[in-house]
1. On a full-extension model of 0.36 nm per residue, what is the gain between Glu275 and Arg109, subtracting their alpha-carbon distance, rounded to one decimal in nm?
2. Hull surface divided by four, with the convex hull built on the Cα atoms of the range 150-221: how many nm²?
3. Rounded to a whole number, what % of the accessible area of the chain do carbon and sulfur atoms account for, probe 1.4 Å?
4. Need the full-extension length gain, Lys57 to Arg32, defined as separation in residues times 0.36 nm minus the C-alpha distance. One decimal, nm.
5. Asp136 versus Arg201, label points 7 Å from Cα toward the beta carbon: distance in nm?
6. What's the center-to-center distance, using Cα atoms, between the range 120-145 and the range 174-226 in Å?
7. So if I place +1 on the C-beta of Lys and Arg and -1 on the C-beta of Asp and Glu, and nothing else carries charge, what would the dipole magnitude of the chain be about its Cα centre? I want it in debye, nearest 20.
8. If R₀ is 22 angstrom, what is the calculated FRET efficiency for the pair Glu46 and Gln167, using the beta carbon separation as r and rounding to 0.05?
Amino acid sequence: MSEPPATPAAESAKGATASKSLKEGGTIEPVREILWGASAGVRKLETAEEVPPEMRKLIVKLMVVQADTEFASIQQHRPWLDKAPTLEDRWIEARIVADEARHGLQACRILRDFGEEGQQLIDELLAKREGQHKLDAFNMTFDKWSDVGAFTCFVDRVGVYQLRAFQECSYGPLARAMPLMLSEEQLHLNFGASVLKRMVREGPRYSGSREEAQAAVQKWYPRALDMFGHSNSETSRKAIELGLKRWTNEEARARYIQEITPLVHALGLTLPPAEFDRHVL
Ligand SMILES: [Fe+2]
Ligand SMILES: [Fe+2]
């Protein structure tokens, strides 16, 4: 896996993080330059009007997929708002639904900047019902509480990788949306891991069983790996060249597998091979 090549701007950004924190009286320098891709070193694009057609097409495509996943997951979580096993779980479910709605809104705000075309896409997104979404993982229902645990642990974690890939990207409004979205997603995936852990350790005293948790891993892990997209995707290559994404689909998927493998083992569960039940290769 290759890191994006270090540019002078990236080096100075590194220097800025190494300096004093805000608490210690330091300052944070906003990154205003494109850090990687064909236009590395020039200023980021800050308004929809100045985005060239090819990049506009790609930003719109990426934001439609992003918003679609956010709105779909609200539909998936909704039945569990008053069915989750504990009061705390119900509260976190409510919180997740609110966060996903905000993420959807954030992606739509970026679409809205692209005028009439953006608004039309938003209208189409809001009309979508269960089963009509772009990615398989978002057309599956949460039949058991273990589905909620495995979905948030595996699928939301892929979401985090997608967002990290946009961090400090070449389109300013998108780059600036990332920090808050990332911190909220972190709660979702940690929650998922805790649900699975409690199922394994406490079984029916909490909810479900180790077997149920393992079955949910088999169900959601392949769909999560599919979400990264095709290994030889032209779109992902283009997104890197335009400074929008940092990694190819395959690089991001490999990083994800590396992170999740020890975590799943620590929960007392096992992972099927990465090729198991895959639809998107
Ligand atoms: Fe989200
Ligand atoms: Fe989430």
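The values are calculated or read from the model by the stated rules, or taken from the named source; none is laboratory data. Fair warning: this is a prediction, and the values are worked out from it, not measured in the lab. All Cβ positions, even for glycine, are placed from backbone atoms using ideal geometry, and neighbour counts span all protein chains on display. Only protein heavy atoms, including side chains, enter the accessible area calculation; ligands, DNA and RNA are left aside. Shrake-Rupley method; radii C 1.70, N 1.55, O 1.52, S 1.80 Å.
1. On the way: separation 166, 0.36 × 166 = 59.76 nm, distance 3.68 nm.
Value of the extension gain: 56.1 nm.
2. Result: a mean projected hull area of 4.8 nm².
3. Summing carbon and sulfur atoms, their accessible area is 56 percent of the total for the chain.
4. Contour length minus Cα-Cα distance gives 6.8 nm.
5. 3.3
6. 19
7. Dipole of the chain, to the nearest 20 debye: 460 debye.
8. Efficiency, rounded to the nearest 0.05: 0.85.
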